[in-house]
1. What is the spin-label model distance, in nm, from E134 to E192 if the labels are put 7 Å beyond Cα along the C-beta direction?
2. Report relative contact order for the stretch 2-198 in percent, whole number only (criteria: Cα-Cα under 8 Å, sequence separation at least 6).
3. Determine the calculated [θ] at 222 nm for the chain from helices alone, applying -39500 (n - 2.57) to every DSSP H run no shorter than 4 residues and normalising by the residue count; nearest 500 deg cm²/dmol.
4. Quick one: helix 95-105 against the long Cα principal axis of the chain, what's the angle to the nearest 10°, folded into 0 to 90?
5. With charges set only on the Cβ (+1 for Lys and Arg, -1 for Asp and Glu), what does the dipole of the chain come to about its Cα centre, in debye to the nearest 20?
6. So how tilted is helix 179-198 from the main axis of the chain? Cα-based, degrees 0 to 90, rounded to 10.
7. For the chain, which whole percent of the accessible surface, found with a 1.4 angstrom probe, sits on carbon and sulfur atoms?
8. For a protection proxy built on the mean count of beta-carbon atoms within 10 angstrom, sort 183-193, 98-108 highest first, please.
Amino acid sequence: MKIVLATHNKGKMEEMSAILSHLPVQILTLDSFPEIGDIPEPGETLKENAFIKAETVHKLTGLAALADDTGLEVDALDGAPGVYSARYAGEKATFDDNCMKMLKELDGIPMGERTARFRTIISFVKSEEKLWTEGVVEGVILDRKQGDGGFGYDPIFYYPNLKKTFAELKKGEKNNISHRGKALRKFSQILEKRIKSNS
Ligand code: IMP
């Protein structure tokens, strides 16, 4: 089976390919389909957006498609930016713009009140078959950026158990504990069972 990862985000592609590498499937990325541009995310929930992305790529390629949609939920901001995390600092916001806006919004809020979580929904579409899984990781938003790895909000998302931000973790380390890693491992277990029962 060929599965297309419905994302242009290089960081996500690397994380997702690594976690799925043990499966007997061929993983393709949107790099193989340059005609597919950015896919709009008009949904009001992560699940809606995850399925919009997977269904769009499935329709355009005719292949099984796997998408993720992720949100950062900050308790001091009543769960914002959540589903709007990519556009937090505006439509064309860069990762850095979003981090800087978050640091500004939380300015003066004590560490104990900066709790947050990443939530990922993974969606899979292949003809009539539709699957989804969820993964969550709890952390704290730091008061400055720390670390050069990862992408998105990783430099300000501190993981207390390892005393590091996600941007300070090695790639494998992030996948072992992250929201996306958890959701993808649940998905790959389901897919593995289906492949075994069909063979
Ligand atoms: P989306 O799932 O690509 O819509 O992601 C929403 C926003 O969250 C984007 O700004 C991403 O860069 C950010 N994001 C998604 N996954 C991660 C992650 O694993 N670490 C940090 N930021 C992330």
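1. 2.4 nm
2. Rounded, it is 19 percent for the stretch 2-198.
3. Rounded to the nearest 500, it is -10500 deg cm²/dmol.
4. Result, in degrees: 40.
5. The dipole magnitude comes to about 800 debye.
6. Taking Cα atoms only, the helix is inclined about 10 degrees.
7. Exposed carbon and sulfur together represent 51 percent of the surface.
8. 183-193, 98-108
The values are calculated or read from the model by the stated rules, or taken from the named source; none is laboratory data. The shown structure was predicted, so the numbers you read here are calculated from the model rather than taken from an experiment. We place every Cβ from the backbone using ideal geometry, glycine too, and count neighbours over all the protein chains shown. Keep in mind that these areas ignore ligands, DNA and RNA; they rest on the heavy atoms of the full protein, side chains included. Shrake-Rupley method; radii C 1.70, N 1.55, O 1.52, S 1.80 Å.
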